Amino acid sequence: MQQDILVNWSPQETRVAIIEHGAVQELHVERTLERGLVGNVYLGKVARVLPGMQSAFIDIGLERAAFLHVADVWQRQPDGEPPSALRNQPPVPIEKQVFEGQALMVQVIKDPIGTKGARLSTQISIAGRLLVFLPQDDHLGVSQKIPSDQREALRRRLGQLVGEAGGGFILRTNGEDASDTELAEDIAYLRKTWARIRESATRLPPPSLLHQDLNLLQRVLRDLVTDQTQTIRIDSREQYGLLAAFGQEFMPQAAAKLQLYKGERPIFDLYAVDEEIARALGRRVDLKSGGYLIVDQTEALTTVDVNTGGFVGSRNFDDTIFKTNLEAAQAIARQLRLRNLGGIIIVDFIDMAREDHRDAVLAEFRKQLARDRVKTMAGGFSQLGLVEMTRKRTRESLAHLLCEPCPACEGKGTVRTPRTVAYDILREILREARQFNPREYRVVASPKVIELFLDEESQHLAGLSDFIGKPISLQSDSAMGQEQYDIVLM
């Protein structure tokens, strides 16, 4: 599976598109003023300890206090055991480990999402190109993605390179074929970074940022490049030079795939990326067959509804449904990556009568999900014909990143009709008439509401005027939303 990476850079934001089979599969956006926090190390201050929730709120200098659960409080492992060794043992209560006002070194493990603050851990891990450094532990581990028959040999080799200096290391998947020199360089880089963090912690007051993870451009080389990546094209000469220098020092194999894009067309126009972004922000996703998906994202979960639309098929109704569901399985997996949807996801495929059709659709869906670099888990069809799945939340979804709630409907997706607003106004005037005695009432509202009062609701308005014994005048304001109005006492 060939892959190309396009990088569109500007001073205000960096956009990265991953292209597979000629289509956009993933989009990563990082704005200069809104960089993600995962991986950042802070010297925080304990603001509150909540024994009932076994958690604490830590001030790390953000708008909202960050959240630390007792399960994320680091405890020293006996005899170099891996961190998972103590999972079955009850943790020490959090009120016996931290106290209000305490200065605490913490690392962000999950970005703030919606109204939730960042999630923290006191176990520090620093990611390098080939290794992850765990300075508080002595455990040596190997990625689970590396075949089990090779892990023990790699662990012994890593132990020889680490030596007596201590510290825990986990060999990343891309370090499987690395030379001893490359691994030694990564070990030295990670230890130097940790020394700098510790020195900053003794010098700076809480809350302070001690270490910032790599920016999106650098993470392209560290995290997004795979063996299938053919090219990494970037449209900024300055950033190309900086990234090439960074890559040559830490990730020479990935840096070899860097190319400076010199074309006159914007780089994202090569694969119509901006058009894909616009479609990914909408509810409806059209399928080539004529069917379509409806994607609704809520606070608790995301729902995907599959519809046949204009697809009538070539043979029979069962065949039509089967083909639509097969195509939808591929499209849904792509939309999850493109929109970066996480959490609980409910997929409502079109009902299929045949068991073999359901099995084939589920197999295709899981096959497409397996391409996702983010962890996913899909169940079978429920009694109601729904497929429940989860996808790990790693960052804000594309819609939350690029959009905000509509000021007219305040995120509801609907607004009250002009007639509903008109009746609200009539009730409000009657309420005001019982409290005040003005000379006249003036209604200022949107053009559609005023038009309704002048036409279909004019009789009701006149009747109310007679009942309260005061004149009611109307004023149209095009700047007002459909639900907005003012009643001015003259």
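For the stretch 259-291, the residues whose backbone nitrogen is under 16 Å from a point 7 Å from the Cα of Arg237, taken along Cα to Cβ, are 259-265. Apply 1/(1 + (r/R0)^6) to the Cβ-Cβ distance of Asp351 and Ser200, taking R0 = 56 Å, and write down the FRET efficiency to the nearest 0.05. Computed FRET efficiency for Asp351 and Ser200 comes out at 0.40. Per residue, the convex hull around the alpha carbon atoms of the chain comes to 252 Å³. Taking the Cα-to-Cβ direction at Gln160 and at Glu299 and moving 7 Å from each Cα, how far apart do the two end points lie in nm? Modelled inter-label distance: 5.7 nm.
Per-residue extension of 0.36 nm, minus the Cα-Cα distance of Glu95 and Arg279, leaves a gain of 61.4 nm for this segment. Using the Cβ-Cβ distance between Glu13 and Ser465 with R0 set to 45 Å, the FRET efficiency works out to roughly 0.25.
With each label modelled as a point 7 angstrom along the Cα→C-beta vector, the Phe317-Arg442 pair spans 6.2 nm.
Rounded, prolate or oblate: which fits the stretch 322-424, taking a ≥ b ≥ c as square roots of the Cα gyration tensor eigenvalues, rounded meaning a/c under 1.5, else prolate when a/b beats b/c? It comes out oblate by the Cα gyration axes. Could you check how many percent of all C-alpha pairs in the stretch 187-247 are farther apart than 13 Å? Looking at the stretch 187-247, the distances longer than 13 Å represent 72 percent of pairs.
A P(r) calculated from all alpha carbon pairs of the stretch 426-488, with 5 Å bins opening at zero, reads 4, 18, 31, 26, 15, 6, 0 percent.
Placing unit charges on the Cβ atoms of the charged side chains and taking the dipole of the chain about its Cα centre, the candidate lying farthest along the positive direction among Ile109, Thr14, Pro93 is Pro93. Remark: the stretch 95-152 is approximated by an ellipsoid whose semi-axes, taken from the C-alpha gyration tensor as √(5λ), come to 30, 17, 10 Å, largest first.
In terms of overall dimensions, the C-alpha atoms belonging to the stretch 215-354 reach 58, 35, 26 Å along their principal axes, ordered largest to smallest. Across the stretch 184-259, the mean sequence separation of Cα contacts (distance under 8 Å, 6 or more residues apart), normalised by length, yields a relative contact order of 30 percent. The packing ranking, built from the mean of other Cβ atoms within 10 Å per residue, places the peptides 38-45, 447-454, 377-384 in the order 38-45, 447-454, 377-384, highest first.
Is the C-alpha gyration tensor of the stretch 371-478 telling us rounded, prolate or oblate? Criteria: a/c under 1.5 is rounded; beyond that, a/b larger than b/c is prolate, otherwise oblate. Note, shape of the stretch 371-478 comes out prolate. If the segment from Glu63 to Ala399 were pulled out straight at 0.36 nm per residue, it would be longer than the present Cα-Cα gap by 118.8 nm.
For helix 458-468, report the angle its Cα long axis makes with the longest principal axis of the Cα atoms of the chain; keep it between 0 and 90° and round to the nearest 10°. The angle comes out near 80 degrees. A Förster radius of 41 Å combined with the Cβ-Cβ distance from Ile146 to Cys406 puts the calculated FRET efficiency at roughly 0.30. Report summary: the helix-based calculation at 222 nm, which adds -39500 (n - 2.57) for every DSSP H run with n ≥ 4 and divides by the residues of the chain, gives -9500 deg cm²/dmol.
Here, each number is a calculation from the coordinates, and none is a lab measurement. Computed from a predicted model, the values in this text were never measured in an experiment. Neighbour counts are summed over all protein chains in view; Cβ atoms, including those assigned to glycine, are modelled from backbone coordinates with ideal geometry.
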